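Working notes for the structure below.
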Amino acid sequence: MEFGTFSILAISSDSKMMGVAVASGSTSVGDRVPHAKPGIGVIATQAFTNVNYGTRGLELLTKGMAPKDVLKKLLDEDLGRELRQVAIMDFKRRKAVFTGASVPEWHGEIVKEEYVVLGNLLAEKNVVSSIAEEFERVEGDLAFKMAKALEAGSESGGDKRGERSAALILVNQETVKMKVKVDEHETPISELIHRLETLEKR
């Protein structure tokens, strides 16, 4: 269960790289919420998390289905859909987002050309807008931009309970370029950024 989660799905300006980054007051969020497949796309499945939206969602995208059709199919098959918050984005920049009626407040989503931001059980309603604004403002590679966007979300209130875990996955057309998970940490987003910076120096 990932009540109290905020995430960003994004694509690089040249469309060669995609990523998904997430932070939560739950533990080990990286094991359940973020899903990515090289050359296909990225998915975040949160709120009362159903991992099937990630694993099966990527399978359906791989078969050529558009994100909106993938999401519709998964929702139609899910009796608990009103508890879900899901975002799907592919390398063609097609997107599909759903927030169920029973997802805890405050929840919200922002959908733009190069990214999607979504969150639930947030301390403030400006958390999602803070994530979006920071992603657009900050310079750097895609992974760094997403991580800094999460940091801005946390600084504007974040999860009502505070954050305990964070994760980021980055893929290109051929391979998983990066997969970072931070579990059971007092400042998981800061640790995520630190690990990204360490990887950059290698």
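Here is how the numbers come out for the structure above:
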| read-out | value |
| --- | --- |
| DSSP loop GluC sites (Glu not before Pro) with at most 14 other Cβ within 10 Å excluded, longest remaining stretch of the chain | 1-76 |
| Flagged links, alpha-carbon separation over 23 Å, of K63/K181; K125/K181; K68/K125; K177/K201; K63/K112 | K63/K181; K125/K181; K68/K125; K63/K112 |
| Where K112, K148 fall by accessible area, highest first, once all protein chains stay in place (1.4 Å) | K112, K148 |
| Length released on extending from D183 to K16, taking residue separation times 0.36 nm less the Cα-Cα span | 57.2 nm |
| Whole-number percent relative contact order across the chain, with pairs defined as alpha carbons under 8 Å at least 6 apart | 27 |
| Summed side-chain charge close to H185 - residues other than H185 whose Cβ falls under 12 Å, Lys, Arg +1, Asp, Glu -1 | -2 |
| Surface accessible to a 1.4 Å probe, V97 within the full protein complex, Å² | 40 |
| Area accessible to solvent at D76, 1.4 Å probe radius, in Å² | 100 |
| K177, K145, reordered so the largest accessible area comes first (probe 1.4 Å) | K177, K145 |
| Selected from S13, S24, S130 as most flexible by GNM, with the chain as the system and alpha-carbon contacts under 10 Å | S13 |
| Accessible-area composition of the range 65-202, carbon plus sulfur, in percent [1.4 Å probe] | 47 |
| (i) 53, 30, 11; (ii) 28, 21, 15; (iii) 22, 20, 15, with the label sought being that of the calculated semi-axes √(5λ) of the Cα gyration tensor in Å | (iii) |
| Span-rule helices in the chain, defined as complete DSSP H runs reaching 18 Å or more along the axis (Cα) with Kyte mean at least 0.0 | 142-155 |
| Whole-angstrom gap from the range 39-54 to the range 15-37, using each part's C-alpha centre | 9 |
| Accessible area of the chain divided out per residue, in Å², using a probe of 1.4 angstrom | 43 |
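The values are calculated or read from the model by the stated rules, or taken from the named source; none is laboratory data. These numbers come from a predicted model, not from an experiment. All Cβ positions, even for glycine, are placed from backbone atoms using ideal geometry, and neighbour counts span all protein chains on display. The area values use the complete protein model at the heavy-atom level, side chains included, leaving out ligands, DNA and RNA. Shrake-Rupley method; radii C 1.70, N 1.55, O 1.52, S 1.80 Å.
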